[in-house]
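The block underneath contains the structure these notes are about, expressed in structure tokens.
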Amino acid sequence: MSYLSLNAEQFLCLISFLYVTLSQSSQNLSEEFADAARQLKKEAPRIQFGKIDVTHQHDLRKEFNIQAFPTVKFFVNGSREDPIDCKGVRKASTFVTWVKRRTGPSTVLINSTDQAEAIIKADDLAVIGFFRVIIWKAQKAARDVPEMPFGMTASEDICANYGVVTAVGYGKPVGEFFRLYINFMLNYIFNQNTQNVESFVSQTSVKIFDVPVENHILLFTPTNSETFSEIYENYQSAAAEFRGKILFVLVDTNEARNGRIFEYFRIRDIDVPAVRILNLTSEAKYKMPADEVTMENLKEFCQSYLNGKAKQHLSSEEIPQDWDKTPVKVLVGKNFNSIIFNKTMNVFVMFYAPWSHECRKLLLIWDELGEQYKSHKDVMIAKIDVTANDLLSVGLDRYPFFTLFPAGPQHQVRSCWGRLDYTKLENAAESGGENN
């Protein structure tokens with residue numbers, strides 16, 4: 001979809017998926033988004049799904065104030081005014097539930113004990129509101145938690161069956177109260193019923209990263225090692241002290257299904273046992289300074305992190321001995337800042353991912369550009385593998401990504417992406433960061 005056309009006569013609402021083509025997070029969500037569209041096609045034909053690559057749609061990006069990618073917005077009755085943000089929804093089944101609750105009843109009206117039991121047994125966690133009189137404003141709370149089944153009842157018999165003596169009565173802000181109470185209850189249930197240490201495998205990773213604790217600490221170790229029992233005992237003891245503040249996760253390095261999590265944290269065999277903290281909001285990673293996994297070291301690391309004193313860990317490849325011997329210079333995390341913030345040279349950098357087909361295709365053009373500028377003393381053409389090097393100074397959500405870091409304080413850093421060719425890249429290099 002290259003534009004956004006809304007027509008209330010054709011459909012009840014539109015969900016527009018605003019994304020960046022080469023963003024890995026956009027690609028992952030796109031598959032789930034398409035699956036949800038297929039599920040709802042027959043069931044709710046008036047609900048239309050569409051997706052827009054905002055790389056080439058700057059007006060739409062500005063109109064709807066798109067700041068992060070991917071973004072999902074919900075348009076009702078053909079109106080482009082005040083679309084509803086669909087936040088935190090990442091699975092097709094959850095998309096379907098979220099849409100149904102926005103276009104119809106968001107809770108089930110329970111009229112019998114059997115109906116209540118069916119809702120309770122249908123999932124690991126369910127929410128039922130017991131009221132003296134049904135207050136439909138409470139439905140608003142269910143709209144924002146599509147992962148859970150919601151029910152409401154005003155039946156005295158059903159209330160009595162579950163030991164509810166005093167049900168919720170009238171109240172003007174009942175919807176907000178219900179929502180806040182649910183959030184409190186979710187945190188309480190999580191803290192009371194989960195083990196001190198969660199075991200990470202690919203099937204449980206979604207649930208682990210979807211809990212209401214944003215700070216996660218991960219222990220990477222083989223569970224069959226001679227020292228595992230002692231290490232794990234220390235880990236469990238520390239977990240009990242930080243319950244509700246930091247989620248403790250065990251990652252078995254012998255489990256092949258955990259390969260992706262090793263790659264994400266860049267954990268090698270020689271690194272284990274290793275301990276890392278991940279903040280889910282900022283995606284910042286922290287490495288425990290001490291090598292030994294003792295109770296004291298774990299407590300000191302966790303407390304230092306909670307106090308804001310822990311230093312963020314940035315992975316970097318080693319600087320190649322011949323990094324500057326080819327027309328396209330090779331940058332890594334360890335030499336990135338010292339090279340790009342050079343006052344006498346314009347540095348044009350390609351941020352790439354080796355697995356990306358688009359990156360591999362443009363790397364050939366990048367080599368040509370490097371050949372053209374290899375004799376220029378004031379221009380450097382460089383590249384950096386963003387899958388192996390963490391960078392604080394550059395925010396990336398797509399690959400490949402090109403940025404010109406110009407010499408001199410009066411020039412502006414310029415970035416470009418999307419459909420690029422040799423001419424466009426050459427023009428960017430020639431601009432030297434000057435305002436045109």
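The values are calculated or read from the model by the stated rules, or taken from the named source; none is laboratory data. Since this is a predicted model, take the numbers as computed values, not measurements. Note that each Cβ is placed from the backbone with ideal geometry, even for glycine, and that neighbours are counted across all protein chains shown. Quick note on the areas: whole protein, heavy atoms, side chains included, nothing else; ligands and nucleic acids left out. Shrake-Rupley method; radii C 1.70, N 1.55, O 1.52, S 1.80 Å.
What does the convex hull of the Cα atoms come to per residue for the range 27-75, in Å³?
Each residue corresponds to 82 Å³ of Cα convex hull volume.
Given the range 283-410, what count of lysine pairs have C-alpha atoms under 22 Å apart, with each pair 8 or more places apart or on different chains?
Summing the qualifying lysine pairs gives 29.
Round to the nearest 0.05 the FRET efficiency obtained for Ala388 and Thr223 when R0 = 22 Å and r is the Cβ-Cβ distance.
Calculated value: 0.20.
Among the lysines, which fall within straight-line cross-link reach of Lys42, defined as a Cα-Cα distance under 22 Å, with same-chain neighbours fewer than 8 residues apart omitted?
The qualifying lysines are Lys51, Lys73, Lys91, Lys100.
Take the alpha-carbon centre of the range 233-301, take the same for the range 314-384, and report the distance between them in whole Å.
Each part's Cα centre sits 33 Å from the other's.
Could you tally the net charge around Thr153, taking each other residue with its Cβ under 15 Å from the Cβ of Thr153, Lys/Arg +1 and Asp/Glu -1? Show your work: numbers first, answer last.
Details: positive: Arg132; negative: Asp114, Glu117, Glu156, Asp157.
With Lys, Arg at +1 and Asp, Glu at -1, the net is -3.
Using a basic spin-label model with each label point 7 Å from the Cα along Cα→Cβ, how many nm lie between Arg90 and Asn111?
Going by the 7 Å Cα→Cβ label model, 4.0 nm.
Separation between the Leu280 and Glu368 pseudo-spin-labels, each 7 Å from Cα along Cα→Cβ, expressed in nm?
4.6 nm
Fully extended, how many nm does the chain gain between Lys42 and Asn254 (0.36 nm per residue separation, minus their Cα-Cα distance)? Provide the component values of the computation, followed by the final result.
Details: separation 212, 0.36 × 212 = 76.32 nm, distance 4.44 nm.
Full extension from Lys42 to Asn254 adds 71.9 nm.
Give the peptides 347-354, 72-79, 96-103, 108-115 in descending order of average Cβ contacts within 10 Å, highest first.
My ranking of the peptides, most packed first, is 347-354, 96-103, 72-79, 108-115.
Please compute the per residue accessible area over the range 296-406 with all protein chains in place, 1.4 Å probe, rounded to a whole number of Å².
With all protein chains present, the range 296-406 gives 52 Å² per residue.
Under the 0.36 nm per residue contour assumption, what length would be gained going from the current alpha-carbon distance of Arg243 and Lys121 to full extension? Write down the numbers at each step before the final one.
On the way: separation 122, 0.36 × 122 = 43.92 nm, distance 2.75 nm.
Answer, rounded to one decimal: 41.2 nm.
Return, for the Cα atoms of the range 295-370, the radius of gyration and Dmax in Å, separated by a comma.
In order Rg, Dmax, the Cα atoms of the range 295-370 give 18.3, 55 Å.
Determine the gain in length on full extension of the stretch Lys343-His313; use 0.36 nm per residue of separation and subtract their C-alpha separation, reporting nm with one decimal. Don't skip to the answer; put the middle values down first.
Working: separation 30, 0.36 × 30 = 10.80 nm, distance 2.73 nm.
Difference between extended and current length: 8.1 nm.
Once phi is turned into θ = phi - 60°, what whole-Hz ³J(HN,Hα) does the Karplus curve with 6.51, -1.76 and 1.60 give for every residue of the range 75-84, x standing for Gly and Pro?
Values, residue by residue: 9, 10, 6, x, 8, 9, 8, 6, x, 8 Hz.
Would you calculate the separation in nanometres between label points at Asn161 and Ala290, each defined as 7 Å from the Cα along the Cα-to-beta-carbon direction?
In this crude spin-label approximation the distance works out to 5.4 nm.
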